[in-house]
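The values are calculated or read from the model by the stated rules, or taken from the named source; none is laboratory data. Please read all numbers here as calculations on a predicted model, not as lab measurements. Every residue, glycine among them, receives a Cβ derived from its backbone with ideal geometry; neighbour counts consider all protein chains shown. Heavy atoms of the whole protein, side chains included, go into the accessibility calculation; ligands, DNA and RNA do not. Shrake-Rupley method; radii C 1.70, N 1.55, O 1.52, S 1.80 Å.
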Amino acid sequence: MNSLYDEFRVAVHSVWTRRWLVLAVAWGICILGWLAIASIPNRYDSRARLLVEINQILPDEAQGGRGPRIDQIRETLTSARNMEKVAATTGLLPAGANDREKAGTVAMLQKSIKVVPQQDNIFEITSSIAVGSLSDADNAKLASGVLDSLITVVRDDQLRGGRMNARESLKFLDSQIADREKALREVEARRAAFEAQNIGLIPAGAGSPAQRVDAARAELSQIDSQLVSAQAQLAAANGQLASTPQSIPGGGGVGGGVARQQLAGAQNELSAMRARGLTDAHPDMIAIKSQIASLKAIADREGTGGGGGIQNPAYASLAAMRAERQATVSALSARKSQLMGDIAKITAQQIQNPGIAAEYDRINGEYTAFKAQYDKLLAQREQVRLRGEVQTETDAVKIELLDPPSKPTSPAAPNRPLFLTLVLLAGIGGGIGAAFGLAQVRTSYATAAKLERASGLPVIGSITEVVTPERHVERRKKLVWLASGGGALVGLYALLLVAEFIQRGMVA
């Protein structure tokens, strides 16, 4: 324990004997450190909270809805274009600045402004300003001024941006529509010229040959089903008519030759079917022949029957119904024959002239594609026009200030009182450390015991320093000087603290 105490006393003595070195090193470290701290400009922070509301009356497919639109606004808050406008508004960027100065100022503002989302449509914006060429009051004013300018710029951009975007979109769509219309007219002219050059080789009708064949086959399938149904209904009518008497007993009416008239009509229809080329095995031919046979039997009965009855109303009604169904069957059969002839004709033309058919299909396909694009662009233009009118009449994007930019009254950084104190302690510690280190380098022995341990020889004795009155006075005078030097260092530290707080009070 005594050895530790002796070592401590030796260390303190070695530092005390070099007390002027301690004072000089402390002054040097403190002056340099305090100058470095003084060169750091105070940073002032200002905060604001924004609420962004999207009034989406019409759906916006291009921007994808409300959420992506808010994200886009947040990401473009600190864009280079906005930062350049803010710099020009706040005076950070003088008039006539070159590109390098603009880039530097924009980069400084982008680094100084931070946007933190708090909710889906609420943002906190923070500006941290520390311009060395400006005073603390100017930096504090600039911190809130940057946010005021940024909010104004964003509001103006959103107000003008929607309308400008609508006008630019309309202009772009108009040019695209004009191009598609020109291309569409060119294709129409080529198709008309191609049809004129190959008249007779291209079947008339809308669409390509392949499309017309597909449409004819689809209609033919429907005609077949309708024809089967009509023939079944006609057969039922024939059966009912065959089982219904032409006349009923009555007061001397004459059944006047209805069957013969129907027979003549059926025979005319049979002749027409044969003229169209239908064979006897065709279902329509079989049905009409059966009908003619039944009508002949009825006509024979009309010729030989007596005149003691009146015409049966049910028979007349069934005859009219049968005639109507016969007409339906005949019309469907004629349409079926026509469709089959059209399909055969188009197929034959495609086989005989495959190149012409392929070219015509290609031209029609090109026309269809251009027409679809043209119609789609027209629909998009109308939607953009309506959206532009909505944005003109209402604010599509509304930005509200929940919390206006705060007015900073004290710097956020650096913490000068703490730094000044740390520099003072570092200066004192550095001085003591320098003195102790120098004592370790120089070979001297403060006590007889230390000399004895170092030399390995016994120390007979030691001579105590005798201080004369004159020496004592001189030591006291140097001690006063040392205290004055140390007090001046502490006083300078206190003066810097007072100046710092006074400067903060001036900003407030």
* Asked: Quick one: Ser3 ticks every box in (1) modelled with pLDDT of 75 or more; (2) over 36 Å from the mean Cα position of the chain (by Cα) bar one, so which box is it?
  -> (1)
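When you scan segment 357-367, do you find a residue that is open to solvent by less than 30 Å² (accessible area, probe 1.4 Å) and at pLDDT below 70, even just one? Step through it out loud before you land on a result.
The initial filter retains those residues of segment 357-367 that are open to solvent by less than 30 Å² (accessible area, probe 1.4 Å), namely 357, 360, 363-364.
Filter once more, keeping what is at pLDDT below 70: 357.
Yes: segment 357-367 contains one or more residues that are open to solvent by less than 30 Å² (accessible area, probe 1.4 Å) and at pLDDT below 70.
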* Output the number of the condition that Ser135 fails; it satisfies all remaining conditions of (1) touching a residue at least 24 places away in the same chain (Cβ under 8 Å); (2) among the small types (Gly, Ala, Ser); (3) under 23 Å from Ala38 (Cα atoms). => (1)
* **Unique residue being within 37 Å of the chain's Cα centre (by Cα), loosely packed, with under 13 Cβ neighbours inside 10 Å and modelled with pLDDT of 85 or more when the list is Leu378, Leu402, Leu418** => Leu402
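Within segment 473-493, which residues are under 30 Å from Ser135 (Cβ atoms) and surrounded by 12 or more Cβ atoms within 10 Å (Cβ to Cβ)?
First, pick out the residues of segment 473-493 that are under 30 Å from Ser135 (Cβ atoms): 488-493.
Matches in segment 473-493: Ala488, Leu489, Val490, Leu492, Tyr493.
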* To do: Tell me, please, whether a residue that is modelled with pLDDT of 90 or more, open to solvent by less than 70 Å² (accessible area, probe 1.4 Å) and touching a helix residue (DSSP H, G or I) at 6+ places or on another chain (Cβ under 6 Å) can be found in segment 49-72.
  => no
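Does Ala320 satisfy the condition of being assigned to a helix (DSSP H, G or I), at pLDDT below 75 and either farther than 30 Å from Ala216 by Cα or not charged (D, E, K, R) (or both)?
On the way: assigned to a helix (DSSP H, G or I): yes; at pLDDT below 75: no; either farther than 30 Å from Ala216 by Cα or not charged (D, E, K, R) (or both): yes.
When the stated conditions are applied, Ala320 does not pass them.
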* Asked: Quick one: in segment 421-435, which of the residues that are of a type in the set (Gly, Ala, Ser) and surrounded by 19 or more Cβ atoms within 10 Å (Cβ to Cβ) is farthest from Ile31 (Cα to Cα)?
  -> Ala435
* Which residue out of Val466, Val473 is modelled with pLDDT under 80 and of a type in the set (Val, Ile, Thr)? -> Val466
* To do: Looking at (1) closer than 30 Å to Ile286 by Cβ; (2) at pLDDT below 75, find the lone condition where Pro249 falls short.
  => (1)
* Inspect all residues belonging to segment 299-314 and state whether any of them is under 30 Å from Ala215 (Cα atoms), open to solvent by 50 Å² or more (accessible area, probe 1.4 Å) and either modelled with pLDDT of 80 or more or among the charged types (D, E, K, R) (or both). => no
* Qualifying residues in segment 94-128 (those that are among the acidic types (Asp, Glu) and over 28 Å from the mean Cα position of the chain (by Cα)) - the one surrounded by the most Cβ atoms within 10 Å (Cβ to Cβ) -> Glu101
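When only residues in segment 181-219 that are at pLDDT 75 or above and open to solvent by less than 30 Å² (accessible area, probe 1.4 Å) count, which is nearest to Asp284 (Cα to Cα)? Don't jump to the end; show me each part of the working.
To start, the set of residues in segment 181-219 that are at pLDDT 75 or above comprises 181-193, 213-219.
Filter once more, so that each one left must be open to solvent by less than 30 Å² (accessible area, probe 1.4 Å): 183-184, 187, 213, 216.
Working: Ala183: 50, Leu184: 47, Val187: 45, Val213: 25, Ala216: 21 Å.
The qualifying residue nearest to Asp284 (Cα to Cα) is Ala216.
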* Which members of segment 138-159 meet the condition of being out of contact with any strand residue (DSSP E or B) (no Cβ under 9 Å at 6 or more places or on another chain), open to solvent by less than 50 Å² (accessible area, probe 1.4 Å) and farther than 13 Å from Ala88 by Cα? -> Asp157
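For segment 1-43, how many residues are under 17 Å from Ala439 (Cβ atoms) and open to solvent by 90 Å² or more (accessible area, probe 1.4 Å)? Outline the logic, then answer.
Applying the first criterion (under 17 Å from Ala439 (Cβ atoms)) to segment 1-43 yields 6-26.
Then drop every residue that is not open to solvent by 90 Å² or more (accessible area, probe 1.4 Å), which leaves 7-9, 13, 16, 20.
Going through segment 1-43 one residue at a time, the tally reaches 6.
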